[in-house]
Structures are given as structure tokens and as C-alpha cells.
1. Identify, please: which residue in region B:19-32 is open to solvent by less than 20 Å² (accessible area, probe 1.4 Å), within 8 Å of chain C (Cβ to nearest Cβ) and part of a helix (DSSP H, G or I) and is, among those, farthest from residue A:630 (Cα to Cα)?
2. I'd like the full set of residues that are of a type outside the set (A, V, I, L, M) and over 25 Å from the mean Cα position of the chain (by Cα), limited to region A:25-41.
3. Do we find a residue being in contact (Cβ under 8 Å) with a residue 40 or more places away in the chain, facing another protein chain (nearest Cβ under 9 Å), part of a loop (DSSP other than H, G, I, E, B) and acidic (Asp, Glu) anywhere in region C:36-48?
4. Is at least one residue of region A:600-620 touching a helix residue (DSSP H, G or I) at 6+ places or on another chain (Cβ under 8 Å), free of Cβ contacts under 8 Å to residues at least 60 places away in the same chain and of a type in the set (Phe, Trp, Tyr)?
5. Would you point out the residue of region A:62-72, among those that are in contact (Cβ under 8 Å) with a residue 60 or more places away in the chain and part of a strand (DSSP E or B), that is nearest to residue A:94 (Cα to Cα)?
6. Can you name the residue in region A:141-159 that is under 13 Å from residue A:243 (Cα atoms) and of a type in the set (A, V, I, L, M, F, W, C) and is also surrounded by the most Cβ atoms within 10 Å (Cβ to Cβ) among such residues?
7. Answer yes or no as to whether residue A:600 is within 14 Å of chain B (Cβ to nearest Cβ) and not in a helix (DSSP H, G or I).
8. Just give me the residues in region B:1-18 being surrounded by 20 or more Cβ atoms within 10 Å (Cβ to Cβ) and more than 7 Å from chain C (Cβ to nearest Cβ), in sequence order.
Amino acid sequence: MNGLLLVWLLPLGGAILCWAFGPQLGRRAGALGSAVVLVAFVRACMLFGDATGPTGVHQTLVTWVPGFTFGLWLDPLSLLWTLIITGVGGLIHVYSIGYMWSDKAIARFFAYMNFFVFAMLTLVLSDNIVGLLVGWGLVGLASYFLIGFWFYKPAAVAAAKKAFVINVFGDIGIMFAVFALFAATSSISFSDIFAKAGTLSSGLLVAVCVGLFIGAAAKSAQVPLHTWLPDAMEGPTPVSALIHAATMVTAGVYLVARFAPLYSLSPPVQEGVAVIGALTMVMGALLGVAQWDIKRILAYSTMSQIGYMIMGVGVGAYQAGVLHFFTHAFFKAQLFLTAGLIIHALHDEQDVRKMGGLFERMPFAFWAMLIGTLAIIGFPYSSGYFSKDAVIYGALQHGHPVLYIAGILTAGLTAYYMFRMIFLTFFGPYRGDADAAEGGHGADHGGHAPSWLMQLPVAILIVPTIFAGFVDFHSGDAPSRWQLFFGTLFNVSNNVAGPVWPIPQTASSMIVLVVVAAGLYVAYLRYGTPAAQLASVDRLIAETKAMPLALRRAFFFDDAIDFAIVKPARLLGGAISNFVDPHVIDAAVRDLVWIAGALGVVFRKLQTGLVRGYALTIVIGAAVFIAYFALLGAAR
Amino acid sequence: MDVDISNYVALSAVMFFIGVTGVIVRRNPLIALMAIELMLNAANLALVAFARAWVNNAGHIFVFLVITVAAAEAAIGLAIVVAAFRRAKAVDVDEVARLRG
Amino acid sequence: MIAFYCLAVVLIASAVFTISQKSPVYSVVGLLVNFITLAAFYVTLDAEFLGVIQIVVYSGAILMLFVFVIALLSSGIGPFTEGPNRLPRVLLPAVLTTLIAFGFVAYGALHAPMGALPAHVATSTLGPVGSANVFGSTADFGVALFTTQLLPFEVTAFVLMVAVIGVVLIAGDAVPQTTRGSHAKRRKRRTVQEREPIVKVSRS
């Protein structure tokens with residue numbers, strides 16, 4: 001079978017098998033699911049050479065009508081996403097075997113995870129806008145399944161619904177854009193659309209790009225459609241790692257990068273994209289400072305980092321933005337998986353105020369989290385260092401000084417809240433409950449997973465977390481491997497005149513490092529000093545009380561949406577169900593029934609049973625007939 | 001034919017409608033049956049007249065058949081009246097209204 | 001001409017007489033006059049065979065059937081009907097309707113053109129009784145009945161058979177329905193139903 005088809009369909013096969021034979025498979029579904037994704041990864045690696053060739057790997061699926069050809073396309077952009085989805089995804093699958101070891105519905109979990117991989121692959125591998133849209137919708141569905149996996153928890157169900165509804169809102173935007181593109185170009189395939197991109201009117205381009213970005217904003221949790229992401233942490237931690245950190249939320253970045261030819265032709269929309277990305281970047285960092293749930297800290301951090309990516313592709317620095325996606329997938333997945341280790345060890349405790357002192361108890365988790373944190377703040381020569389610098393400097397290069405400064409400041413904030421998390425989690429006295437302190441699992445826990453299942457993927461992820469950035473390492477003016485990888489894919493934007501302020505890149509990196517160090521130092525002063533650690537319980541109580549209302553309520557976004565949209569919708573629904581349904585719709589049916597009955601009563605009066613009456617009626621009818629034939633029949 | 005055909009048609013029609021009136025007005029089933037015979041004979045008259053006008057004895061054959069069928073129908077009708085009379089002492093067309101709705 | 005009008009008057013008068021008499025015996029007599037007049041009409045229309053058939057079958061057989069039935073039913077002289085008139089004052093509407101219908105028929109008869117007569121009319125022989133090629137004679141009728149119109153003839157025979165069977169079934173000595181027997185059956189049915197109520201009707 002063609003390699004690309006195998007990569008695409010293998011996860012679907014795994015999902016179907018896990019769905020159909022869940023009760024029989026039990027825990028073995030985990031092995032099946034992981035194997036399927038890892039095999040897909042290997043096969044995708046084998047296609048590396050062909051994909052970076054001149055035309056990429058093309059696989060036509062079906063031609064419905066001319067202009068409607070569905071197929072798969074592996075070019076550098078989709079190859080990158082495919083490798084991350086299957087590679088990091090495969091590692092997370094293995095991790096999930098351990099994490100979900102004692103869950104009764106483990107087979108269903110792996111069915112959903114495989115289904116998600118299949119859906120995301122559909123999204124990135126499609127060579128046409130309709131296939132992308134299909135993948136887009138399926139990914140939202142998979143996210144709904146997985147967030148609400150523990151469906152007996154009302155909070156999880158509510159979070160799943162919230163994520164799905166906000167995604168539907170974004171779907172409207174992207175659907176409009178897809179339809180407009182098809183109407184304008186009479187074709188659905190990317191190659192045709194990009195070839196005709198120059199012929200589209202600027203108004204249409206703006207509309208299409210805005211529509212696409214609305215979809216991207218919903219999927220990638222950009223302001224103002226970001227409120228679903230923190231709540232999505234109700235799902236199991238592997239779900240948060242795979243979907244809401246590494247892959248699904250980056251679908252928006254993929255979308256903007258894929259449609260680079262269109263975006264580069266409408267600079268105002270690009271500006272808007274960059275501004276929203278920057279706004280999200282700053283807001284995510286600000287909110288990350290105020291969180292007490294370890295997964296929410298990471299969720300807001302994800303929001304902020306994706307803001308970086310969107311800002312990168314928005315200013316036109318596509319390679320920088322995509323590089324940040326690449327590195328972020330590794331360190332964010334690793335951070336989430338490590339957080340999962342901690343949560344699992346503390347018997348499902350997620351509140352940072354109840355942690356502390358885990359440095360001695362869980363050294364492996366500490367080092368893993370430290371390395372991930374160093375990557376995310378941009379420690380020199382870690383993976384995040386390369387990508388963050390590329391994005392920040394790219395903003396300056398493409399003429400956005402304000403965004404440049406915002407990027408630098410956010411880097412400082414990132415350092416602050418990430419190290420706040422580290423200090424609160426691993427240092428100071430242990431502040432949690434007594435039974436969670438002993439490791440939590442009594443004899444009646446029902447078996448425990450072999451710990452290597454959860455630790456191995458984390459360990460494997462440490463390597464790219466440290467070294468992945470070096471793909472963009474270049475000396476002087478020679479192109480880096482990253483730039484060679486993408487070739488001419490992004491040679492669409494041509495406004496790289498030069499940095500607005502004459503700051504060379506090395507100096508810019510220095511400025512960023514200084515700000516980052518400052519953030520780290522502030523975090524140390526507040527949480528890391530020995531005095532702070534000793535008094536941590538009192539200080540945390542004080543800090544909880546003193547948290548500003550705006551930060552506690554996430555800048556009131558949820559309240560605003562509730563007031564402006566949810567309440568009116570509820571009123572409308574109530575009005576319709578209490579009034580329209582019984583009095584209008586039911587009344588119509590009742591009236592029809594009444595009419596039928598009334599007609600029956602009337603016609604029953606004709607059935608007298610009297611022969612003479614019937615005879616009279618017959619004669620009357622005969623008279624009519626005779627009249628017709630006498631008057632009109634003659635003139636035939 | 002010394003009289004125009006339309007006279008025979010009119011005569012046949014008059015006799016037919018007298019029979020119709022008889023069916024509607026009378027409540028005695030026997031009289032009703034006799035009125036039905038009147039109607040049939042009116043049709044026969046028209047048929048014979050037209051057979052004579054076109055000099056075609058298919059009309060005669062038709063009349064023959066009508067007479068036969070009228071005989072059969074009269075027999076059965078009277079049998080029904082007799083059977084109904086066995087149940088009730090008097091028979092009234094209006095009373096036999098079991099098929100009312 | 002005169003014959004036509006005289007016979008027409010008798011025809012109509014006897015028809016009205018038939019339907020307007022209280023006693024069925026009088027109606028039968030009126031009907032008899034009507035049939036004989038019709039036979040006379042048939043003869044004037046060169047349908048001798050049919051005229052004879054009319055008298056033999058209609059007045060001879062069918063009217064006798066009527067007479068027998070009147071005699072069978074006990075109250076043959078007095079008023080026959082009991083029960084209220086459920087369609088009172090219907091004479092006027094009935095007459096009006098029939099007059100209207102007749103008006104249309106007359107109009108149609110007068111204004112509908114009769115097509116061209118076939119060629120053989122002028123040359124057909126309307127001669128003395130008896131010959132086979134004479135229109136309306138018995139021989140002519142018989143030839144037609146047994147050659148070209150054989151199928152209707154056979155079907156008519158079938159119809160008559162069905163009528164005989166029907167009469168025997170309806171009015172003949174069928175299964176005796178003695179009151180005692182039917183009451184017993186009804187009693188049995190009731191007790192069975194009382195013992196085993198099969199369906200519980202629930203109000204929902």
C-alpha cells in the first residue's frame with residue numbers, strides 16, 4: 001500500500017479496532033493504539049526524502065467531479081506536522097498506557113486518541129480545502145470526546161461542550177472562507193487556489209483571510225475565543241499534552257502557514273493576525289501568573305506560546321513561527337507529561353499550593369520539568385531559545401516594533417510564572433494532605449502500571465527538548481537546515497527589508513536574555529529563597545487573598561460571553577420551548593386533527609342509510625352529467 | 001319511421017323520470033321495484049327506437065339482454081323483500097337503514 | 001302518427017298510475033297496462049319478436065312474480081308501511097329535479113344532430129313477417145343471437161343461473177333460526193366473555 005495512505009489510515013484502523021473490540025482488548029488496546037501510531041511515524045520518516053523533493057508526495061484519493069479531487073499531499077509543511085503528530089503522539093500514547101492503567105474505559109480512550117490522530121492527519125495531509133475542513137471538524141469532535149472522557153464528571157462535560165461550541169463558532173468563519181474560495185476559483189485543491197491567488201479581488205481576499213483566521217483563532221485559543229482552553233484541562237493529562245499543547249491547538253498556526261500565499265496578498269489582515277497573536281501572548285502570560293492549578297498554568301502558557309507562533313506567522317516570519325511550533329511541541333508535551341507524573345504520584349492532586357518539597361521524592365520529575373522550563377523560557381541554546389528568538393527578532397525584522405517589545409516582555413513574564421511553578425512544586429515544605437504524602441497508592445489500588453511506561457516517553461522527549469533548536473543553527477549568512485528544509489515554500493512574503501531599529505540579532509538575543517533573567521530572579525525572590533520557602537504556607541494564603549479580581553476572573557471574558565451570548569440564548573430557548581412549542585406548533589397539529597374530525601362529522605351526516613335519499617342524490621348527479629353532455633357534449 | 005326519433009327519446013325520458021320519482025317518493029319496497037322496472041323499460045323503448053332508426057338489430061339483442069337481466073334482478077329483489085318480511089311484520093324501505101354512518 | 005300519440009298517452013298515464021297507488025295490487029295492474037302498451041310500441045317499430053317477448057316474459061313472468069310476492073306477504077291490500085317517513089315532503093324536490101333533468105335531455109335530444117344514416121337503410125327490406133332478411137323478424141333476430149351475438153347470450157344464461165341460486169339462498173329455507181337456539185348461543189357467548197376478559201382497556 002502506498003506509504004502516505006498507510007500513514008493516514010493506520011490510526012483510523014486502530015481506532016476502529018479499539019472501538020469495536022474494547023471490552024475484549026482491555027489494557028491491550030493501549031499497546032495496539034501506540035503501535036499503530038508509532039508505525040505510522042516510522043512510515044512517515046521513510047517518506048522524508050520524497051516529501052522534501054520538488055513536488056512532495058501526492059496521493060489522489062477520489063475524483064468526484066472535475067474540480068473536486070480529494071487527495072493527500074506531503075510537502076515540508078505537512079510532513080513536519082505529520083512527524084510531530086505521529087512521533088510525539090506515539091510517545092504520549094505509550095505514556096497513556098501507564099497513566100490510564102486503572103481506568104476501566106482504557107480501550108475507549110485509545111480509540112478516541114487514535115481517532116484524533118487520524119483526524120489531525122486528515123487536516124494536515126489534505127491537498128484540498130474541503131478535506132482540510134473535514135479534518136478540522138473531526139478534530140473538534142475528537143477534542144470533545146477526549147475532554148469529556150470522564151463523562152460522569154459534570155465539570156468535564158461542561159468543558160467539552162464549551163470547547164465544542166466555541167470551535168463551532170470558528171467553524172463558521174472557516175466554512176465561509178472555504179465556500180468563498182471555491183466559488184471564486186471553481187476548484188478545491190490548494191495548488192489551483194494558490195495559482196489563482198493573484199486573480200482574486202482584494203475584498204474577497206480580506207474576507208477569506210479573516211474567515212480563515214476566525215477558525216484558526218477558535219481552534220488555537222486566541223483572544224477572544226480562548227476561554228475553552230483552560231477548562232479543557234478537565235480531560236486526562238495525556239489529552240492535554242497531545243491535543244491542547246502539541247497538536248490540535250496548533251492547527252490554527254498550520255492554517256495560516258498553509259495559506260501564506262493568500263495572507264501575504266492582504267497585509268492588513270496579516271497585521272490583524274499578528275496583533276491578535278501578540279495580544280494572546282501577553283494575556284496568556286499575565287493569567288499564567290495567577291493560576292494555582294498546575295495544569296492551568298501550563299494551559300495559559302500554551303495559549304501564550306501559540307500567541308508567539310501566530311504572531312510569527314502573522315508578521316510574515318513563517319519559518320520562525322513554525323519553528324516555534326516544532327520546539328514547543330516537544331517541551332510542552334514534556335511539561336504536561338511530567339505534570340501528569342506528579343499528579344499521578346500525588347493521587348490526583350493538582351493544586352500547586354498543596355504541593356512542595358517534591359525535589360527529594362521525585363528527582364526524575366524535577367529534572368525533566370526543569371529542562372522543559374529552561375526550554376520554554378529560552379535558556380541559551382535550548383530549543384526554545386532558537387525559536388523564540390527567531391519569532392521575536394522576526395517581529396522586529398518585518399517592521400513591528402511594538403510587537404517586538406511585547407514579545408520581549410512576555411518572555412520575562414514566562415520566566416516568572418514558569419519558575420514560580422517550579423519553586424512552588426518542588427521546593428519548600430510539603431503542604432499537601434497526609435495520605436497523598438505517602439505516595440497515595442494503598443494496597444487496594446488495583447494494580448499499578450510499570451513506572452517505565454510513564455517515565456520513558458518523558459525521558460525520550462528530553463532529547464529534542466534540548467537539541468531540537470539546532471536545526472535552525474546557522475553561521476553567518478549560510479542557510480540553516482531549517483531554511484533548507486522549507487525551501488521555497490514561504491518565499492511569498494517580500495517585505496523583509498531590514499529591522500526597523502538597527503539591532504543585530506545577537507544583540508537582540510542579549511536583550512531577551514536579560515529580561516528573562518530578570519523574570520527568573522523575581523520569581524526566585526518571591527518563592528525560591530530559603531526564607532520564602534519556609535514561610536510558604538502563610539505567603540500562599542496571603543497571595544491567594546490578594547489576587548486581583550481581574551486575574552482571578554480571567555479578565556472577565558467568561559462573564560462577558562455568559563452575559564452577551566449564553567443568557568440571551570437561554571432566554572430564547574426558554575421562550576420557544578414554553579410558548580412556541582405548545583401554542584404554535586402543537587396547536588397547528590391539534591387544529592389539523594380538529595379539522596379532520598370536523599370534516600368527518602359533516603360527511604357523516606350524508607350517510608343516512610336511506611335508500612331514497614341516496615336515489616335522490618344519484619338523480620341530482622345524473623342531472624349534472626346530463627346537463628354537461630347536453631350543453632357541451634354536442635360540440636365535441 | 002313516420003315519427004321523428006326525438007319523439008321516442010322524449011317519451012323514453014318521461015317514462016324514465018316517472019320511474020325515478022317513484023323510487024324516491026314511495027316507501028313500499030314492492031312499488032319501488034316496480035318503478036325500477038319502469039325505468040328499465042324506458043331504456044328498452046329508446047333502444048328499440050334507435051334500432052329501427054339505424055336498421056340495426058344489435059339494438060334488439062341489447063333489449064333482449066336487458067329484459068333478461070331485469071328479470072333476474074326483479075327476482076332477487078323480491079327474494080330480499082320476502083326475506084326481510086320474515087323478520088319484521090311490515091317492510092319499509094326507510095327502516096332498512098343499517099348502513100347508516 | 002295518431003297511433004304514436006295515443007299509445008304515448010296511455011303509456012305515461014299508466015306509469016303515473018303505477019307509482020301513485022297506495023295498494024300494490026293496483027300498481028301491478030297499472031304496470032301490466034304499461035307493458036302491453038310498450039309491446040304495441042315495439043310492434044309499430046318493426047320489432048315484432050321483441051313485442052312478443054315483452055308480453056311473454058315481462059307481463060307474463062315478472063309481473064306474476066310480483067303478484068305472487070304480494071300474495072305471500074300478508075298485508076297485501078292494506079297500507080304496507082310502518083314507521084315514520086324519514087324523508088318527508090320529498091315529492092316536490094324529486095319532481096323538480098326530474099323535470100330539470102328531463103329538460104336537459106330534451107334539449108340534448110333536439111340539438112344533437114343525428115349522424116348520416118348508413119347506406120343499407122334505403123335498401124333494407126321491411127317486408128312481411130317471417131323472412132329471414134326482414135328487419136325485426138324472429139328469424140333475423142335468431143340468426144343474430146346465435147351467431148354474431150353468441151357471447152352475450154351465453155353470459156345471460158349464466159346471469160340467470162346466478163339469479164336462481166341467489167333467490168334460493170336468500171328466500172329459501174335456510175338454516176332455521178329458532179329464537180331459542182339463537183338466545184342460547186348469545187347466552188353462551190356472554191358467559192365466556194365474562195369469564196375471560198381478554199383485553200384490558202386502559203385510559204391513557
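The values are calculated or read from the model by the stated rules, or taken from the named source; none is laboratory data. All values derive from a computational prediction rather than experimental measurement. Cβ sites come from the backbone with ideal geometry, for glycine too, and all protein chains shown count toward neighbours. Just the protein is used for accessible areas: all its heavy atoms, side chains included, with ligands, DNA and RNA removed. Shrake-Rupley method; radii C 1.70, N 1.55, O 1.52, S 1.80 Å.
1. Here is the first cut: in region B:19-32, the residues open to solvent by less than 20 Å² (accessible area, probe 1.4 Å) are B:19-22, B:24, B:28-32.
Then drop every residue that is not within 8 Å of chain C (Cβ to nearest Cβ), which leaves B:19-22, B:24, B:28, B:30-31.
Narrowing further to those that are part of a helix (DSSP H, G or I): B:19-22, B:24, B:30-31.
On the way: B:19: 21, B:20: 20, B:21: 21, B:22: 24, B:24: 24, B:30: 33, B:31: 31 Å.
Out of the qualifying residues, it is B:30.
2. Step one: of region A:25-41, the residues of a type outside the set (A, V, I, L, M) are A:26-28, A:30, A:33-34, A:41.
Once the filter is applied, which keeps residues that are of a type outside the set (A, V, I, L, M) and over 25 Å from the mean Cα position of the chain (by Cα), region A:25-41 yields A:26, A:27, A:28.
3. yes
4. So far as region A:600-620 goes, no, none of its residues is touching a helix residue (DSSP H, G or I) at 6+ places or on another chain (Cβ under 8 Å), free of Cβ contacts under 8 Å to residues at least 60 places away in the same chain and of a type in the set (Phe, Trp, Tyr).
5. A:72
6. Step by step, filter region A:141-159, then rank; the result is A:147.
7. Here the answer is no, as residue A:600 does not meet what is asked.
8. B:8, B:12, B:16
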